[in-house]
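Below is one structure; the comments refer to it alone.
The values are calculated or read from the model by the stated rules, or taken from the named source; none is laboratory data. Keep in mind that what you see is a predicted model, and the values were worked out from it rather than measured. Positions of Cβ are backbone-derived with ideal geometry, glycine not excepted, and every protein chain shown enters the neighbour counts. Surface areas here come from the heavy atoms of the whole protein model, side chains and all, with no ligands, DNA or RNA. Shrake-Rupley method; radii C 1.70, N 1.55, O 1.52, S 1.80 Å.
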Amino acid sequence: MAETTPMMRQYKEIKSQTSDCILFFRLGDFYEMFDDDARTASRELDLTLTTRDRAKENPDERTPMCGVPYHSSEAYIARLLAKGYKVAICEQTEDPALAKGLVSRDVVRIITPGTVIFSSMLDERKSNYIASVYLDASSGAVCFADISTGEFSLASFSENNETHIVNELGRYRPAEAVLNAGASESSAISAYVSSSAGCPFQTADQRFSFMESAALICEQFSVSDLDGLGLGDNPAAVCAAGALLSYIHETQKTDLSHINSLNFYTSGQFMELDLYTRRNLELTETLRSGEKRGSLLWVLDSTKTSMGGRLLRSWLEKPLLTPAAINRRLNAVGELFGDGVIRGELRLALREIGDIERLIGRIVYGSANCRDLVALSSSVEKLPEIKRLLTPMKASALRELSQLDDLQDIKFKIDRAICDEPPFSVREGGMIRSGYSEEVDKLRQLSENGNEAVAAIAAAERERTGIKKLRIGYNKVFGYYIEIPRSQSSEVPENYIRKQTLANCERFITEELKELETSLLNAKDRLTALEYELFTELREDIAKEVLRIQRTAALVAEADVLASLAENAAKNNYCMPEIDLSGIIDIRDGRHPVVERTQPDGLFVPNDTYLDTFGNRTAIITGPNMAGKSTYMRQTALIVLMAQIGSFVPAKSARIGIVDRIFTRIGASDDLASGQSTFMVEMSEVAQIIKNATSKSLLILDEIGRGTSTFDGMAIARAVLEHCTDKKKLGAKTMFATHYHELTALEDELEGVKNYNISAKKRGDEVIFLRKIVPGGADDSYGIEVAKLAGVPDSVIRRAKAVLSSLESKENVRHESAFSAEEEPQISLGSVAAEAVASRLRSIDLNTLTPIEAMNLLFELKRGVE
């Protein structure tokens, strides 16, 4: 077997350090892959698989290989990440022209789903998070980072840890996760990460060391101790944050100074939304297709910047719980709502602003090119206009936004150094503006005007020497030379150095000419290197201003969100809600924000809602299928949630007493993956609601108990309803839709229960849904009429009516028999058979009776009375 080449030895050594990644090994203008990596990449990326060592006779000894151009590698990397692979980027770490022997190489970063920074791989309106989860017997914590923007958030919990952690994972939806052993062994957490979120994860217990984590945190956030970040008495949070920093540093291998602020919060700071509620209310994506269109975010997102789009999504996922914070936003939205001119001009200015958050992230990271710097300069150009528009505003939030740093000094630096239309690559020159560097200008002039420089020297020498036939030539042996006829060789100056004598002429060089030659031959290479050097200096200089730029980006994003909410309020006829701690939800002419946008005729029937903590805690809602019960309940939940993010709401007026959580149990389907039936899924959701809700929560319960038999379902529905209504047990504000009309009797039996129904009119065999909520219970479910509307064949409809008529007749007979039971008993208690049956029943111990014994007993008794 032939000896391994030095380059392949280098490759194998680097590959051994990144065995869990596909290694992109830089060779010239390509990233090459070898051996198993080449086979995998060839299969996954549809690349042609070739081999090295083709001279070897045995094909098994040849090294499989394939490659992709480095300048178009992002698309290939994105495809590999989407298929669950990690990619290690190995670059040449020295100039091949200066290398002695083999060029040194090293892994410069490892790209994973949660550590992507390339804009081509990211959704500009959605953050890309990586998470770490820590769980032990008494506490839990979860940490999230978006390294493309520098966002770093941390939450910890001391009770119901698994539930809270799963809810936070659902809120952030990480693209990748790192778990400690405790979290990995938790069925709820591991199931969510692997199934519901579908993100790759690894168990890495060694990363969660408290001492190492504490040191990493203090170093990253420039604090002397953990108390400065509020983590002094929270080891779970320290371990989660430290583990994530450890993973990010290990994979990115570069400056991460844009991660400079830690947002630490505990339960109770924001409204916690569980997975079911987030899904059922379709906050950011629809339940059926998973698309943004048709969700609440689709309705509310009129933001002009990518940063604003991400911030609005974050606000939707984290509604506020304090009136002061909510009213701060509402007042700002209200002022912009009332001044359409300022709002319009502000949104026009915002439209010109790029993704400053991710631009500064790439600048700090060292991956930004000249076009990124120009994009930053173009964005900064509009900041003085935004500041001018916000300065006269009176709302406290807008006054704070008007104090933004307009970063004009940074714009000046970029504009002075970088030309207006720089090339994509920073390694090919042509990006430094003329006049920025005297040396660049000189080299550029030499590079572009070399012939003119040679001609100028020739003219100067002819004039100085008086030799009219003096000329300057060039060949590869001598380079540039001065050629003089032999007849005038005696007239050459003393500083001429003879290099060659020919039959008719002699050739000379001078120091000036050799300097020009060196300059001309090296000008392009030196120019390219110098431009790159100046560019990196500028990039590093701007990176030092990361805190200023991030603060400005955050303020711009907030201004964008507030202006977007004001624009939607004006366009959709929303009102400003009144926010307090009264516990009252009083909505007049409320509308569903999404449904009204999707109505083809633009008509939506508004409805009132009134709930409080006293006599109107529970609303039992009955009515036909398709009449709008679920839409009505969802609209109430969405109006409350919109109010608590600081948005105007679709209503004539609204008073919202803050709710701590919103729970929904709407619809259900089989969970085949975990072997759970529709009813089991439903009961699991109900169990979570009862376990986690408080008297300040809002519960939306739709048709509890429908997945089992009628009497079991009705019993469960009533028990759940009684529990939710009872102040001693829960006493939460509850909207309860049901087809069990018997439950309407609870209005007279339980304090705090009120009946409502969706009105409908029946005209012959047709039913017309009026969509209006009115007091009282429904008198019919109109099931057959709804089946007809759905397109069920007429023959089936006719048969259903006949069966219904028969069942109703039997039900009437049963009731009549029950009323006359004393006059005409069905079984004469005085008969011998009846006495025998009664005696036999008294002798049975029901507590020890098995199912098969019960069946045998039933047959025995039946024979006894025949």
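With every protein chain present, what is the per residue accessible area of the stretch 325-389 (1.4 Å probe, Å²)?
With all protein chains present, the stretch 325-389 gives 35 Å² per residue.
Order of 190-203, 791-804 by packing, highest average Cβ count within 10 Å first?
The packing order, highest mean first, is 190-203, 791-804.
Return the carbon/sulfur percentage of the accessible area of the stretch 587-706, one whole number, probe 1.4 Å, all protein chains in place. Before the final figure, lay out each step's value.
Working: 2170 of 4070 Å².
That share works out to 53 percent.
If each residue of separation counts as 0.36 nm, what is the full-extension length gain between Ala99 and Lys761 once their alpha-carbon separation is subtracted?
Working: separation 662, 0.36 × 662 = 238.32 nm, distance 8.78 nm.
Computed gain between Ala99 and Lys761 is 229.5 nm.
Can you figure out the FRET efficiency of Thr203 with Asp233, using R₀ = 25 Å and their beta-carbon distance, to the nearest 0.05?
0.40
Tell me the label-point distance for the pair Lys468, Ala570, using the 7 Å Cα-to-Cβ offset, in nm and rounded to one decimal.
So the label points at Lys468 and Ala570 sit 8.2 nm apart.
Could you derive backbone 3J(HN,Hα) for the stretch 496-509 from the dihedral phi with the Karplus parameters 6.51, -1.76 and 1.60 (θ = phi - 60°), listing whole Hz in sequence and x where the residue is Gly or Pro?
Those phi angles translate into 6, 10, 5, 10, 7, 10, 10, 4, 10, 8, 10, 10, 10, 10 Hz.
Between Thr598 and Asp660, what's the calculated FRET efficiency when r is the beta-carbon distance and R0 is 41 Å? Round to 0.05.
Computed FRET efficiency for Thr598 and Asp660 comes out at 0.85.
When DSSP beta bridges are limited to those with both residues in the chain, what percentage is antiparallel, rounded to the nearest 5?
On the way: 62 of 99 bridges.
Antiparallel: roughly 65 percent of the beta bridges in the chain.
Apply the a/c threshold of 1.5 to the C-alpha gyration tensor of the stretch 218-272 and tell me whether it is rounded, prolate or oblate.
On the way: a/c = 1.91, a/b = 1.55, b/c = 1.23.
Note, shape of the stretch 218-272 comes out prolate.
If I model a spin label as a point 7 Å beyond the Cα along the Cα-Cβ vector, how far apart are those points for Ala455 and Arg551 in nm?
Roughly 5.7 nm, to one decimal.
Leaving out ligands and nucleic acids, and using a 1.4 Å probe, what accessible area per residue does the stretch 265-308 come to in Å²?
Averaged over the residues of the stretch 265-308, the accessible area is 39 Å².
On a full-extension model of 0.36 nm per residue, what is the gain between Arg433 and Ile768, subtracting their alpha-carbon distance, rounded to one decimal in nm? Write down the numbers at each step before the final one.
Working: separation 335, 0.36 × 335 = 120.60 nm, distance 7.22 nm.
113.4 nm is the gain from fully extending Arg433 to Ile768.
Suppose a student asked you for the relative contact order of the chain, using Cα pairs under 8 Å spaced at least 6 residues apart; what percent would you report?
9 percent.
Going by alpha carbons, how many degrees (0 to 90, nearest 10) lie between the helix axis of 794-819 and the longest principal axis of the chain?
40 degrees
Leaving out ligands, DNA and RNA, what percent of the accessible area of the stretch 95-189 is carbon and sulfur, probe 1.4 Å?
The C+S portion of the solvent-accessible surface of the stretch 95-189 is 46 percent.
If a/c stays under 1.5 just call it rounded; otherwise compare a/b with b/c (prolate if a/b is bigger, oblate if not). Do that for the stretch 278-407, with a ≥ b ≥ c from the square roots of the Cα gyration tensor eigenvalues. Show your work: numbers first, answer last.
Details: a/c = 1.93, a/b = 1.14, b/c = 1.70.
Cα axes put the stretch 278-407 in the oblate bin.
How big is D for the stretch 4-47, in µm² s⁻¹ as a whole number, if Stokes-Einstein is applied with the Kirkwood radius of its Cα pairs at 37 °C and 0.692 mPa s?
300 µm²/s
Match the structure shown to one of the listed values [x] 1.10; [y] 1.14; [z] 0.97 of Rg/Rh (Cα atoms, Kirkwood Rh), computed from it, and give that label.
[y]
May I ask for the distance between the Cα centers of the stretch 168-242 and the stretch 709-766, given as a whole number of Å?
43 Å
To test your reading of the geometry: what angle, between 0 and 90 degrees and rounded to tens, separates the Cα axis of helix 710-725 from the longest principal axis of the chain?
Value to nearest ten degrees: 70.
Work out how far the C-alpha atoms of the stretch 687-752 reach from end to end along every principal axis, then list the three figures in whole Å, largest first.
Over the stretch 687-752, Cα extents along the principal axes are 31, 28, 16 Å.
Would you calculate, for the chain, the mean residue ellipticity at 222 nm contributed by helices, counting each DSSP H stretch of 4 or more residues as -39,500 (n - 2.57) and dividing by all residues, to the nearest 500?
-14000 deg cm²/dmol
Once you place label points 7 Å from the Cα toward the Cβ at Ile497 and Arg39, how far apart are they in nm?
Taking the simple label geometry, Ile497 and Arg39 are separated by 6.1 nm.
Does a label point 7 Å from the Cα of Asp225, set along Cα-to-beta-carbon, have any residues of the stretch 233-276 with amide nitrogen under 17 Å, and which are they?
Backbone N within reach: 233-235, 238.
By how many degrees, between 0 and 90 and to the nearest 10, does the Cα long axis of helix 323-338 differ from the longest principal axis of the chain?
It is inclined by approximately 70 degrees.
Rounded, prolate or oblate: pick one for the stretch 168-232, where a ≥ b ≥ c are the square roots of the eigenvalues of its C-alpha gyration tensor, a/c under 1.5 means rounded, and failing that, prolate if a/b is larger than b/c, else oblate.
Details: a/c = 2.73, a/b = 2.02, b/c = 1.35.
Prolate is the answer for the stretch 168-232, as a/c is 1.5 or above and a/b outweighs b/c.
Go ahead and run the numbers for FRET between Met680 and Glu159, Cβ-Cβ distance against an R0 of 30 Å, rounding to 0.05.
Taking R0 as 30 Å, the efficiency between Met680 and Glu159 is 0.70.
Per 0.36 nm of contour for each residue apart, how much would the distance between Glu512 and Asp525 grow if the chain were fully extended, relative to their Cα-Cα spacing?
Using 0.36 nm per residue and subtracting the Cα-Cα distance, I get 2.6 nm.
If packing is taken as the average number of other Cβ atoms within 10 Å across a peptide's residues, how do 554-561, 9-16, 286-293, 388-395 rank, most packed first?
Highest to lowest by the protection proxy: 554-561, 388-395, 9-16, 286-293.
Could you give the accessible area per residue of the stretch 198-255, probe 1.4 Å, as a whole number in Å²?
45 Å²
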